[in-house]
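All remarks here apply to the structure that follows.
The values are calculated or read from the model by the stated rules, or taken from the named source; none is laboratory data. As the structure is a computational prediction, the values presented were derived from the model and not from experiment. When we count neighbours, we look across all protein chains shown, and the Cβ atoms used for this are built from the backbone with ideal geometry, even at glycine. Only protein heavy atoms, including side chains, enter the accessible area calculation; ligands, DNA and RNA are left aside. Shrake-Rupley method; radii C 1.70, N 1.55, O 1.52, S 1.80 Å.
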Amino acid sequence: MNIEDFDFHLPEELIAQTPLKDRASSRLMALNRETKEIKHQHFSDIKNHLKEGDCLVLNDTKVLPARLYGVKKDTGAKIEVLLLHQEEKDTWEVLTKPAKKVKVGTELVFGDGLLKATCKDYKEHGGRVLEFSYDGIFYEVLDQLGEMPLPPYIKEQLSEKDRYQTVYAKEEGSAAAPTAGLHFTNELLEEIQEMGVTIAFITLHVGLGTFRPVSVETIEAHKMHSEFYHMSKETAETLNKIKKSGGRIISVGTTSTRTLETIARDYDGKFVETSGWTDIFIYPPYTFKAIDGLITNFHLPKSTLIMLVSSLVDRDTILKAYNEAVKERYRFFSFGDAMLIL
């Protein structure tokens, strides 16, 4: 398929720059997979689409304040660093800007010496491997010096760091938030559980793939960057029980979806306790093995995420829904409104 098959016109003013004061007050477009009917609602109405025996699967990854601003020790030249994932205790794969100034052996200094780093190696796609040195606990130093790595299409500064975290964020390691989950409040999750809906957690640390556009004309030629995932024994047992009893597994976000589909693919439709790296790329036509529904945000034109969403219904229906979202002035991307496909 051609990348142009997933294009649509998106006015720039519809890209949400700041989160809403109340997480659950965002709008919700509910799309019925069978009838293709669309309903315009609010996110708190999600309860009306769920029923006893369903299971919501949430990604509990926690975003690191992973953007650092420092200087080269020898020249004082300014360098921006984005942490992607931890390779060993103090060694991280990162993106640097400008990359050409950071060669193997380059020493970097952050926060007047609170944190230092030395470039140890090169990675594909322009990445670098940095080894950090510091006094104390790395994550405390990072919390003091780092900024939330907001996507490049968000130009506004974030006044509260935790608004780019889900309320259930727990496992540190992401370079970006699993944004579909930003709509949930603790109160809404409690109300959903009281209905007899199970809440289960998996972890996928969002990495470089989030920042990489599709740069090939034919989407089959695109390669996803690998991201680390983990499923606990408790979650695996819960999901197998839900499937066996005929309940629906509803994934919250494309990151949860990719994790669930990776495990179901690798274990013949079953869920097991496992960890690993996934580069699964879901695009039409695709037969889902794990999920029955999806809660997601509205995605970039020609992105791998809109391709995944198109696989769950069909491309024409999704593009029609997206064009209606534009017409109805929905808010797009990380801090935008939500879509339910069920």
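Observations, loosely collected:
- Top of S275, S245, S25 by mean-square fluctuation, Gaussian network on the chain, Cα under 10 Å: S245
- Full extension of the chain between A77 and H225 gives 50.3 nm of extra length, using 0.36 nm per residue less the Cα-Cα distance.
- Annotation for D7 and K100: the two label points, set 7 Å from Cα along the Cα-Cβ direction, are 2.9 nm apart.
- Estimated FRET transfer efficiency when R0 is 45 angstrom, pair H40-E194 (beta carbons, to 0.05): 0.95
- Rounded percent of accessible protein surface that carbon and sulfur make up, segment 67-147, 1.4 Å probe: 47 percent
- Backbone N atoms of segment 3-37 closer than 14 Å to the 7 Å Cα→Cβ label point of E187 belong to residues 21-26.
- FRET efficiency for N48 and E171, using Cβ-Cβ distance with R0 set to 22 Å, rounded to 0.05: 0.10
- Placing +1 on the Cβ of every Lys and Arg and -1 on the Cβ of every Asp and Glu, with no other charges, gives segment 169-301 a dipole of roughly 340 debye about its Cα centre.
- A simple charge model with +1 on the Cβ of Lys and Arg, -1 on the Cβ of Asp and Glu and nothing else charged puts the dipole of the chain at about 480 debye relative to its Cα centre.
- Most to least packed among 30-41, 233-244, 108-119 [average Cβ atoms within 10 Å]: 108-119, 233-244, 30-41
- Residues of segment 86-102 with an amide N closer than 13 Å to a point placed 7 Å from the Cα of Q144 along the Cα-to-Cβ direction: none.
- Here the relative contact order of segment 67-147, from alpha carbon pairs under 8 Å that lie six or more residues apart, stands at 27 percent.
- In a reduced charge model with +1 at each Lys and Arg Cβ and -1 at each Asp and Glu Cβ, segment 1-65 shows a dipole moment near 400 debye about its Cα centre.
- P(r) histogram, all alpha-carbon pairs of segment 67-147 included - 10 Å bins from 0, percent: 19, 61, 20, 0
- Residue-normalised accessible area of the chain, given per residue in Å² at a 1.4 Å probe: 46 Å²
- Computed over the chain: relative contact order in percent, which uses C-alpha pairs under 8 Å that are six or more apart: 25 percent
- Distant alpha-carbon pairs in segment 1-82 (separation over 20 angstrom), percent: 69 percent
- Cut-off 17 Å, label 7 Å out along Cα→Cβ of K241, residues of segment 169-209 by amide N: 193-202
- Remark: for residue pairs K78/K100; K51/K241; K62/K270, the C-alpha separation exceeds 19 Å in K62/K270.
- Value at 222 nm in deg cm²/dmol, rounded to 500, when DSSP H runs of n ≥ 4 in the chain each add -39,500 (n - 2.57): -5500 deg cm²/dmol
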